Amino acid sequence: MAYDADNIFAKILRGEIPAVKVFEDDNTLAFMDVMPQAPGHLLVIPKTAAENLFDLPDPAAAAVMSTVRRLAPAVRQGMQADGIRIMQLNGAAAGQTVFHYHVHILPCYDGRPAREHAADMEDIGVLGQHAALIRAALSD
Ligand code: AMP
């Protein structure tokens, strides 16, 4: 499948639709998942147009992983998570629903199983509060 420049994350990158942003640098953007599987569920995307792992250039892969490594501890600290799951799906058969490469940073909490994938929309105000907690931990 060819990269679709009208996918929802490409639109976020172009500023055509809003996102609750947490971090941005020259090569990557991180924003809150609107249907979080747990409080603090964050997505990291490259600014490079790539559908998934199979067409992702090495420099973009390195840039995303560098941002993931920077943000995961901030998610853990800011959200007081007991653990962090890093998740990345390739192809509809694997459960991928948005076809711009992305890595999920999913906080895990003891005794609270993650919710269903891409199922329930969170209130924008709640997402903003979680983003603020993560940003504060990032600047510690
Ligand atoms: P995947 O199934 O791995 O492709 O994950 C796509 C993720 O994007 C899901 O967890 C969705 O909840 C999330 N998502 C879909 N639309 C948006 C959006 N407009 N802003 C933020 N997250 C989104």
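Against the definition (without any contact (Cβ under 8 Å) to a residue 12 or more places away in the chain, out of contact with any strand residue (DSSP E or B) (no Cβ under 7 Å at 6 or more places or on another chain) and surrounded by fewer than 15 Cβ atoms within 10 Å (Cβ to Cβ)), how does Ala136 come out, yes or no?
Numbers: without any contact (Cβ under 8 Å) to a residue 12 or more places away in the chain: no; out of contact with any strand residue (DSSP E or B) (no Cβ under 7 Å at 6 or more places or on another chain): yes; surrounded by fewer than 15 Cβ atoms within 10 Å (Cβ to Cβ): yes.
Judged against the criteria, Ala136 is not a match.
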Residues to consider are Ala131, Ala118; find the one that is small (Gly, Ala, Ser), more than 9 Å from the ligand (Cβ to nearest atom) and either touching a strand residue (DSSP E or B) at 6+ places or on another chain (Cβ under 7 Å) or assigned to a loop (DSSP other than H, G, I, E, B) (or both).
Ala131
Of (1) within 16 Å of the ligand (Cβ to nearest atom); (2) touching a helix residue (DSSP H, G or I) at 6+ places or on another chain (Cβ under 6 Å), Leu71 satisfies every one except (2)
Only one of Leu43, Leu89 is under 22 Å from Ala137 (Cβ atoms) and near the ligand (Cβ under 9 Å from one of its atoms); which?
Leu43
Just need a number here: residues in region 99-111 that are exposed (fewer than 12 other Cβ atoms within 10 Å of the Cβ) and either farther than 22 Å from Gln77 by Cα or touching a residue at least 12 places away in the same chain (Cβ under 8 Å) (or both).
1
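Residue by residue, here is whether (1) more than 14 Å from the chain's Cα centre (by Cα); (2) in a strand (DSSP E or B); (3) among the charged types (D, E, K, R) holds:
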site	(1), (2), (3)
Ala30	no, yes, no
Met35	no, no, no
Ala50	yes, no, no
Phe54	yes, no, no
Ala60	yes, no, no
Met65	no, no, no
Leu71	no, no, no
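I want to confirm something. Restricting to region 1-28 and keeping residues that are in a strand (DSSP E or B) and touching a residue at least 40 places away in the same chain (Cβ under 8 Å), which single residue is farthest from the ligand (Cβ to nearest atom)?
Filtering region 1-28 for residues in a strand (DSSP E or B) gives 21-24, 28.
From what is left, the residues that are touching a residue at least 40 places away in the same chain (Cβ under 8 Å) are 21-23.
Details: Lys21: 10, Val22: 11, Phe23: 14 Å.
My answer is Phe23.
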Look at Val44 and say whether it is assigned to a loop (DSSP other than H, G, I, E, B), on the phi < 0 side of the Ramachandran plot and within 13 Å of the chain's Cα centre (by Cα).
no
Limited to region 59-98, what total is found for residues that are surrounded by 18 or more Cβ atoms within 10 Å (Cβ to Cβ) and farther than 19 Å from Gln37 by Cα?
4
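Since every read-out is calculated from the coordinates, none of them should be taken as a lab result. These figures come from a predicted structure and were not determined experimentally. Note that each Cβ is placed from the backbone with ideal geometry, even for glycine, and that neighbours are counted across all protein chains shown.
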